[in-house]
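One structure is given below, encoded as structure tokens.
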Amino acid sequence: EAKRNGRNTYRHYAAGMQLYSLDRMSLETDLRLAIERNEFELYYQPQIALDSGQVVGKEALIRWHHPQRGLLTPIHFIEIAEETGLIVAIGQWVISEACRQHQAWLQEGFQPMRISVNISAMQFYQSDFCDMVEHILKETRINPAYLEFELTESMFMQDADAVVRTLHQLSRLGIKLAIDDFGTGYSNLSYLRKFPIDRLKVDQSFIKGIEREPINVEIVKTIVALARSMSLELVAEGVETDVELHWAESSGCTFVQGYRFSQPLPAEKFTRWVREYKYQANQHSLADI
Ligand code: C2E
Ligand code: MG
Ligand code: MG
Ligand code: MG
């Protein structure tokens, strides 16, 4: 009986695996076509400066309008894109689309605000990454001071010389550099001294439910102290509630981002959101809204 059960379990498992790989293969095939079919879209999530209460930037986050599966968030395809190398082409599309949209907003009469773009490790390690970026800067004529790349700590644990070279090249181009999901990597922090980093984004796992997790309070306070001592700006990610907002504010974070203000929105909705937010901001202080 036990043996039969075991075999059944195995059979289920094997069928599951097969299903998984078929599913994955079809996603992979679709992903290869997605750029030329124009199925990607960037959503934008506002970043608010806590001192002024103003919207001062936004993060571009990719979405995929899959013809059958509907709207997909990165959790469904970024890993496949990385494993297949497709992330290089997709990432290039992301940078150029973000720059194009930034310029379009300026043409519409918006004040310039920073636009942050996520860069994946494989993309960052391409030997022609900086040339590609420079080309996009020239083509879109974006002021690079408004462009920020979000990198991850893991990138700094690889081939140090190439990393240093790329970082300095990007910095020379005038692009801002941020460390995303800060505090989740296991690197020693000396890279912060060596590299031209402008901002840290405190990972949302430290912000979420902060009132129930006293240890997170200590971790964020440590990151705040670190950032201050190195003159780095600090963004609190994943701020969902008033409690988390007040806490981020009182602990010394300079910027916040999260559902408390807005989910990531398509460009047009983002535009509307910013207009309405400005209107609100005239009537209430940040602590009231
Ligand atoms: P990330 O860069 O850390 O982005 C923040 C993620 O948290 C986004 O998920 C965002 O929608 C979500 N988020 C923002 N505020 C809140 C909040 O208050 N509560 C909660 N629970 N979540 C919040 P998203 O858009 O699904 O992206 C997930 C990850 O995928 C990103 O994490 C980033 O690592 C990656 N990603 C997104 N767009 C791109 C891209 O264009 N290129 C690359 N290479 N990676 C990307
Ligand atoms: Mg990010
Ligand atoms: Mg993050
Ligand atoms: Mg992340």
Item to check | For the chain, calculated [θ]222 nm from helices alone, where every DSSP H run of n ≥ 4 adds -39500 (n - 2.57) | outcome: -15500 deg cm²/dmol
Next on the checklist: Suppose every Lys and Arg Cβ carries +1 and every Asp and Glu Cβ carries -1, with no other charges. What dipole size does the chain come out with about its Cα centre, to the nearest 20 debye?
Outcome noted: 240 debye
Checklist entry - Which semi-axes, in whole Å and largest first, does the equivalent ellipsoid of region 95-213 have when worked out from the alpha carbon gyration tensor as the square roots of 5 times its eigenvalues? => result 26, 21, 11
Item to check | Pairwise Lys count, the chain - Cα closer than 29 Å, eight or more residues apart or different chains | outcome: 26
Checklist entry - What does the convex hull of the Cα atoms of region 24-148 come to per residue, in Å³, rounded to a whole number? => result 125 Å³
Checklist entry - For region 147-289, rounded, prolate or oblate, judged on the Cα gyration tensor with a ≥ b ≥ c (square roots of eigenvalues), a/c < 1.5 rounded, else prolate if a/b > b/c? => result oblate
Item to check | Protection-proxy order for peptides 39-48, 151-160, each taking the mean of Cβ atoms within 10 Å per residue, highest first | outcome: 39-48, 151-160
Checklist entry - Highest mean first, what order results for 260-271, 196-207 on Cβ atoms within 10 Å? => result 196-207, 260-271
Next on the checklist: Quick one: 3J(HN,Hα) in Hz for region 259-264, Karplus 6.51/-1.76/1.60 with θ = phi - 60°, rounded, Gly and Pro as x.
Outcome noted: 4, 3, 9, 6, 6, x
Checklist entry - Residues with amide H under 5 Å of LEU50's amide H, sequence separation 5 or more or different chain, H placed in the peptide plane at 1.01 Å from N; which? => result PHE255, VAL256
Checklist entry - Can you give the direction-averaged projected area of the convex hull of the alpha-carbon atoms in the chain, in nm²? => result 19.0 nm²
Checklist entry - Just from the alpha-carbon atoms, what are the Rg and Dmax of region 187-235 in angstroms? => result 11.6, 35
Next on the checklist: I'd like the Kirkwood hydrodynamic radius of region 28-91, using the inverse of the mean 1/r over distinct C-alpha pairs, in Å.
Outcome noted: 13.1 Å
Checklist entry - What nm value, rounded to one decimal, do you get for the distance between ARG141 and ALA49 when each label is placed 7 Å out toward the C-beta? => result 2.7 nm
Next on the checklist: On C-alpha positions alone, give me the angle between the axis of helix 214-229 and the longest principal axis of the chain, in degrees, nearest 10.
Outcome noted: 60 degrees
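Every number here is computed from the coordinates shown, using simple stated rules; none is lab data. Quick caveat, the model's predicted, so the values are computed rather than measured. Cβ coordinates were reconstructed from backbone atoms using ideal geometry, including for glycine residues, and neighbour counts include every protein chain displayed.
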